[in-house]
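A short write-up of the structure that comes next.
The values are calculated or read from the model by the stated rules, or taken from the named source; none is laboratory data. Treat the numbers as computed from the prediction; the structure is a model and nothing was measured. FYI the Cβ positions are ideal-geometry reconstructions off the backbone, even for glycines, and counts take in every protein chain you see.
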Amino acid sequence: MHIAFVIYGSLDEVSGGFLYDRQLVESLQQHGHRVTIVALPWRSYLRSLSDNLSRGLLRTFRNHSFDLILQDELVHPSFFRMNRRLRQTVRLPMVSLIHLLRSSERAPVWQRHFYHWIERHYLGSIDGFIYVNRHIEARVHNMLHTHPPGVIANPAGDHLSAGLTPEQIRHRAQRPGPLKIVFVGNLTPLKGLHLVLQALHHLPAATWRLTVIGSPDRDVPYVRRIRQQIADAGWQENISMLGMLSNAEVGSYLAHSDVFAVPSNPESYSIAYLEAMNHGLPIIAHGQSDSADLVEHGISGFCIQPGDSHGFAEHLRTLAQNRHGLAQMSLAAQKRFMSLPSWAQSMNRAVRFLEEVVAVHRGDPKETT
């Protein structure tokens with residue numbers, strides 16, 4: 001089958017969501033299917049709404065012999081009306097791949113209502129869904145008040161190079177000096193770097209070091225506030241702001257850190273968490289994020305509750321003072337990583353689902369591979 005895969009930006013972008021998308025494309029190609037990427041530019045939410053009136057975008061789908069349109073759900077503002085126009089012309093089945101619902105993000109009440117209205121209309125135009133976790137599936141069902149066809153295909157981490165050995169993990173945990181904390185994620189309020197800084201205010205500066213890896217360009221005012229907070233606290237020597245790094249460089253920093261603290265919420269199912277667990281890093285996650293499912297509280301990491309900066313700090317203090325406990329938690333994090341499904345297992349489920357959607361559309365549900 002020939003699939004149009006609609007995304008914003010480029011499939012080569014570094015984030016975990018785009019890694020997932022690449023894995024899906026590669027799996028489809030390995031199964032003998034053809035994938036054409038339809039890439040739209042990153043723009044503001046309001047400007048993206050104008051795509052629904054685009055004749056050129058409509059022609060893109062008219063002029064190709066596609067069997068299915070697959071859309072990364074991020075593009076929903078561009079397609080919440082366009083999909084209905086497509087139904088009147090190309091009449092193809094449409095599937096949405098959902099990493100995270102925009103209406104789940106924190107925003108002023110009026111803004112959340114606006115996002116919810118647009119997103120609900122978009123989801124109502126879709127024939128089937130690929131969900132990256134069970135929480136998102138439940139949210140879609142709740143939003144639509146129905147149970148449309150779909151499949152859960154969790155992200156995996158077996159694309160990563162081998163992490164540290166158990167001996168290396170134990171040795172790392174026992175080294176003297178401050179606790180080495182690492183944060184990996186785009187610098188936006190969603191990812192929660194400000195929550196990490198709030199917790200660090202409760203700890204002596206001599207007991208920790210923080211490395212921050214991620215793009216500072218997605219929310220410039222937020223990054224400006226973060227830098228000012230660091231300067232006001234006199235933490236310039238404690239915190240390294242490294243910006244975007246290559247995957248190999250990120251892996252190196254993970255291997256030399258003690259704990260991974262990215263308390264993002266909402267968070268779909270963080271591939272960055274998987275990378276950290278592969279390197280034997282305990283995870284500190286937001287207790288209400290979907291990624292909290294990856295963390296066994298008190299065993300392979302900690303789940304913090306909203307507004308509990310003191311509890312967050314106590315978890316860090318415990319890891320800094322009890323290096324034997326840090327070693328045990330680090331080993332448990334890697335063991336948890338090893339128990340998760342592989343990319344092949346997850347992506348095969350997604351591919352089979354897409355094949356079934358096309359077969360049903362053609363009127364032959366037995367025509368699946």
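General observations
- When Asp72 is tested against (1) modelled with pLDDT under 90; (2) of a type in the set (Asp, Glu); (3) touching a Gly at 6+ places or on another chain (Cβ under 8 Å), only condition (1) is not met.
- Any chance Ser44 is surrounded by fewer than 18 Cβ atoms within 10 Å (Cβ to Cβ), among the hydroxyl-bearing types (Ser, Thr, Tyr) and at pLDDT below 90: no
- Residue among Arg81, Arg139, Arg134, Arg102 that is in contact with a Ser or Thr (Cβ under 8 Å, 6 or more places away or on another chain), among the basic types (Lys, Arg) and touching a residue at least 12 places away in the same chain (Cβ under 8 Å): Arg139
To keep it simple, each residue is scored yes or no on (1) assigned to a helix (DSSP H, G or I); (2) at pLDDT below 95; (3) under 23 Å from Gly163 (Cα atoms); (4) not aromatic (Phe, Trp, Tyr).
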site: Asp232; (1), (2), (3), (4): yes, no, no, yes
site: Glu237; (1), (2), (3), (4): no, no, no, yes
site: Glu249; (1), (2), (3), (4): yes, yes, yes, yes
site: Pro263; (1), (2), (3), (4): no, yes, yes, yes
site: Glu267; (1), (2), (3), (4): no, yes, no, yes
site: Met277; (1), (2), (3), (4): yes, yes, yes, yes
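- Check on Thr188, polar (S, T, N, Q), in contact with an Asp or Glu (Cβ under 7 Å, 6 or more places away or on another chain) and surrounded by 14 or more Cβ atoms within 10 Å (Cβ to Cβ): yes
- Test: residue in segment 241-252 that is within 19 Å of the chain's Cα centre (by Cα) and charged (D, E, K, R): no
- Boolean, Leu195 is crowded, with 18+ Cβ neighbours inside 10 Å and hydrophobic (A, V, I, L, M, F, W, C): yes
Every residue, every condition in (1) in contact (Cβ under 8 Å) with a residue 60 or more places away in the chain; (2) over 21 Å from Glu249 (Cα atoms), yes or no:
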site: Pro176; (1), (2): no, yes
site: Lys180; (1), (2): yes, no
site: Lys191; (1), (2): yes, no
site: Val196; (1), (2): yes, yes
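- Residues being modelled with pLDDT of 85 or more and over 20 Å from Leu254 (Cα atoms) - total across segment 279-298: 2
- Any chance Val182 is in contact with a strand residue (DSSP E or B) (Cβ under 6 Å, 6 or more places away or on another chain) and part of a helix (DSSP H, G or I): no
- Test: residue in segment 286-306 that is in contact (Cβ under 8 Å) with a residue 60 or more places away in the chain, closer than 19 Å to Lys191 by Cα and among the small types (Gly, Ala, Ser): no
- Residue, farthest from Glu249 (Cα to Cα), within segment 198-216, restricted to residues that are hydroxyl-bearing (Ser, Thr, Tyr) and without any contact (Cβ under 8 Å) to a residue 60 or more places away in the chain: Ser215
- Verdict on Pro93 being touching a strand residue (DSSP E or B) at 6+ places or on another chain (Cβ under 8 Å) and under 18 Å from Gly124 (Cα atoms): yes
- Close pairs from segment 217-244: first assigned by TED's automatic domain parsing to the domain that holds Ser257, partner of a type in the set (Asp, Glu), Cβ under 9 Å, at least 6 apart: Val223/Asp217; Leu242/Glu249; Gly243/Asp217; Met244/Asp217
- Within segment 296-313, the set of residues being within 25 Å of Pro176 (Cα to Cα) and in contact with a Phe, Trp or Tyr (Cβ under 9 Å, 6 or more places away or on another chain) comprises Ser300, Gly301, Phe302, Gly311, Phe312.
- Count - residues of segment 87-97 that are of a type outside the set (Ser, Thr, Tyr) and at pLDDT below 95: 5
- If you go through segment 254-277 and keep only what is over 16 Å from Lys191 (Cβ atoms), surrounded by fewer than 24 Cβ atoms within 10 Å (Cβ to Cβ) and not aliphatic (A, V, I, L, M), you end up with His256, Ser257.
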